[in-house]
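Below you'll find the structure, written out as structure tokens, and then a few comments.
The values are calculated or read from the model by the stated rules, or taken from the named source; none is laboratory data. Note that the structure is a prediction, hence the values are computed from the model and not measured. Please note: Cβ atoms are built from the backbone with ideal geometry, for glycine as well, and neighbour counts cover all protein chains shown. For accessibility, only protein heavy atoms count, side chains too; no ligands or nucleic acids. Shrake-Rupley method; radii C 1.70, N 1.55, O 1.52, S 1.80 Å.
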Amino acid sequence: MAKAKFKPLGDRILLKPLEDTKEQVRGGIIIPDSAKEKPQEAEVIALGTGKKDENGKSVPFEVKVGDKVLISKYGGSEVKIDDVKHTIVREDDILGVIA
Amino acid sequence: MAKAKFKPLGDRILLKPLEDTKEQVRGGIIIPDSAKEKPQEAEVIALGTGKKDENGKSVPFEVKVGDKVLISKYGGSEVKIDDVKHTIVREDDILGVIA
Amino acid sequence: MAKAKFKPLGDRILLKPLEDTKEQVRGGIIIPDSAKEKPQEAEVIALGTGKKDENGKSVPFEVKVGDKVLISKYGGSEVKIDDVKHTIVREDDILGVIA
Amino acid sequence: MAKAKFKPLGDRILLKPLEDTKEQVRGGIIIPDSAKEKPQEAEVIALGTGKKDENGKSVPFEVKVGDKVLISKYGGSEVKIDDVKHTIVREDDILGVIA
Amino acid sequence: MAKAKFKPLGDRILLKPLEDTKEQVRGGIIIPDSAKEKPQEAEVIALGTGKKDENGKSVPFEVKVGDKVLISKYGGSEVKIDDVKHTIVREDDILGVIA
Amino acid sequence: MAKAKFKPLGDRILLKPLEDTKEQVRGGIIIPDSAKEKPQEAEVIALGTGKKDENGKSVPFEVKVGDKVLISKYGGSEVKIDDVKHTIVREDDILGVIA
Amino acid sequence: MAKAKFKPLGDRILLKPLEDTKEQVRGGIIIPDSAKEKPQEAEVIALGTGKKDENGKSVPFEVKVGDKVLISKYGGSEVKIDDVKHTIVREDDILGVIA
């Protein structure tokens with residue numbers, strides 16, 4: 001399965017951007033055409049190996065695989081997995097979860 | 001309900017800007033047309049999942065849903081929810097609460 | 001009362017700038033017309049909800065409501081309350097108190 | 001053996017980039033031609049002497065020799081070992097592991 | 001007395017610059033006309049309310065009222081007190097004391 | 001002996017760059033002519049007085065006198081000792097050791 | 001005595017640059033005419049009042065009065081004492097001691 005192919009390192013998260021798809025319309029959140037910073041809707045595909053606190057303990061992620069999230073368009077790295085564009089971001093770059 | 005649709009991550013807060021509306025006039029605070037940095041009046045719609053301190057404990061927010069606040073016009077991300085412009089900011093970007 | 005209308009967040013302080021008024025002349029401090037950074041005289045109108053130290057304890061402010069202070073002209077956000085220009089600054093941006 | 005010739009210092013890692021080779025195709029991840037930041041596939045050749053935490057204890061690496069990883073194209077230093085291009089990066093510059 | 005009129009906040013210090021005066025000549029330190037950064041001789045007029053360490057304890061100042069010091073010409077804020085130019089600096093901006 | 005003439009301060013290290021010499025060829029690592037950042041081969045001539053941790057304890061260096069190392073070409077200060085070019089770098093600027 | 005006239009504050013050090021003098025030649029270290037950053041030979045004239053660690057304890061300097069040192073040409077402040085150019089630097093700006 002394609003989704004299992006890539007394991008992000010540390011506090012990074014693998015996302016599949018949802019651009020101009022039905023899912024975005026159904027979620028009810030539409031990115032405006034004008035404003036300075038326009039977030040992007042995306043689906044969480046894989047969580048990183050975990051962010052460590054000062055004592056080396058793993059800190060739990062605040063999102064889970066399958067969550068629909070908003071991310072900033074600036075930042076992150078773009079890769080293609082099985083010909084589909086994906087984005088790798090740090091968890092702190094995720095603005096919030098669409099419930 | 002639209003307001004329940006989006007859960008900001010961490011110390012972020014979802015706001016609905018109040019621009020040129022009656023509410024702004026009633027609040028008695030008018031943004032000047034001239035000066036260098038002009039704050040913007042907004043209503044708190046949803047609080048984030050919580051800012052963590054060094055021990056991983058959740059720190060309470062200083063604002064609550066429904067508060068009228070002033071934020072800097074610079075910073076934050078803009079999204080449309082049910083066709084209404086919203087702004088996602090970190091709590092530290094909120095200048096204060098209009099009582 | 002207008003002064004009670006706005007509660008600054010965290011270590012922020014609401015000030016009313018004193019520009020070209022009798023109070024400024026009486027205070028005996030005159031801002032020079034030339035130099036690189038010219039501070040501005042202002043009156044403390046409202047203190048923030050409080051700066052927190054690392055343990056979450058509230059740290060007392062070093063100024064109090066009614067103090068005449070000098071602030072840097074750069075930095076801070078400008079708002080109008082009851083048609084009077086006010087400035088919101090962080091306490092660390094206050095240079096000192098005029099006794 | 002060429003791979004044993006260079007020991008990276010601290011949290012650095014020696015990588016051999018996989019550019020336009022069969023291995024990259026078999027891995028199923030293709031770097032897009034367009035987007036702002038394009039990661040690069042690479043193989044882990046040698047781990048550094050180890051990242052130290054505040055108490056001077058060595059922290060284990062999250063990758064191992066032989067792992068296929070994605071790295072940002074920006075950052076890192078390029079050297080030739082036995083006429084083959086290699087890259088030296090810090091572990092935090094590795095985006096994730098291709099499983 | 002004019003000198004008592006202004007109390008600097010925190011680790012700030014109120015200074016009276018000594019420019020082209022007899023005092024500067026007597027001190028034996030002459031600022032060169034050429035070089036990149038030219039410090040300025042000044043007299044300490046008032047100490048701040050005190051720099052706090054991490055535990056909130058007050059840290060003693062390394063200069064005292066009446067000291068002749070050298071400061072960088074860049075940095076600091078300039079005010080006029082009783083028609084005399086003064087400068088407000090942080091203690092760390094003082095290069096040293098002229099004995 | 002020339003090598004004993006200079007003692008670097010703190011975590012600094014004195015290096016003698018190996019440019020276009022037999023030693024560089026024998027080491028088997030050749031710096032490419034093209035890429036963005038090209039490291040440089042060098043020999044460790046003298047270690048600094050030691051990096052201190054937070055408790056003031058000396059932390060051991062990860063390289064020793066005589067090691068062949070790779071350093072970034074950017075950073076460091078260049079001096080001539082007995083007419084031979086040397087470079088002073090911080091240990092963290094050393095990419096790794098050539099075994 | 002001129003050298004006793006100035007006491008640097010904190011971790012600062014007063015130096016007398018040695019430019020084009022016999023001492024520099026005898027020291028055997030010659031600054032190259034070409035390279036990017038050219039250090040400068042200087043003599044330690046006076047130590048600061050002391051760098052403090054987190055607990056407020058004074059940390060000993062690694063150089064002493066009379067040492068010949070190399071400093072970066074960039075950084076530091078230049079003053080004239082008894083008509084002789086001097087430089088005030090922080091100890092961390094000293095590259096090393098010429099033995």
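Could we say that residue G:49 is closer than 24 Å to residue E:39 by Cα, part of a loop (DSSP other than H, G, I, E, B), within 10 Å of another protein chain (Cβ to nearest Cβ) and modelled with pLDDT of 85 or more here?
It is true that residue G:49 is closer than 24 Å to residue E:39 by Cα, part of a loop (DSSP other than H, G, I, E, B), within 10 Å of another protein chain (Cβ to nearest Cβ) and modelled with pLDDT of 85 or more.
Can you give me the number of residues within region F:50-99 that are touching a His at 6+ places or on another chain (Cβ under 9 Å) and open to solvent by 40 Å² or more (accessible area, probe 1.4 Å)?
Qualifying residue count for the region: 1.
Could you count how many residues in region C:52-64 are of a type in the set (S, T, N, Q) and at the interface with chain B (Cβ under 9 Å from one of its Cβ atoms)?
Going through region C:52-64 one residue at a time, the tally reaches 1.
Tell me the residue from B:78, B:43 that is of a type in the set (D, E, K, R), in a strand (DSSP E or B) and at pLDDT 95 or above, please.
B:43
How many residues does region E:65-99 contain that are at the interface with chain C (Cβ under 10 Å from one of its Cβ atoms) and either touching a Cys at 6+ places or on another chain (Cβ under 9 Å) or polar (S, T, N, Q) (or both)?
So the answer is 2.
Taking the options A:53, A:67, name whichever one is out of contact with any Pro (no Cβ under 8 Å at 6 or more places or on another chain) and touching a residue at least 12 places away in the same chain (Cβ under 8 Å).
Just one listed residue meets the conditions, A:67.
Search region C:4-19 for residues being in a strand (DSSP E or B) and over 12 Å from the mean Cα position of the chain (by Cα), and hand back the single one that is modelled with the lowest pLDDT.
C:6
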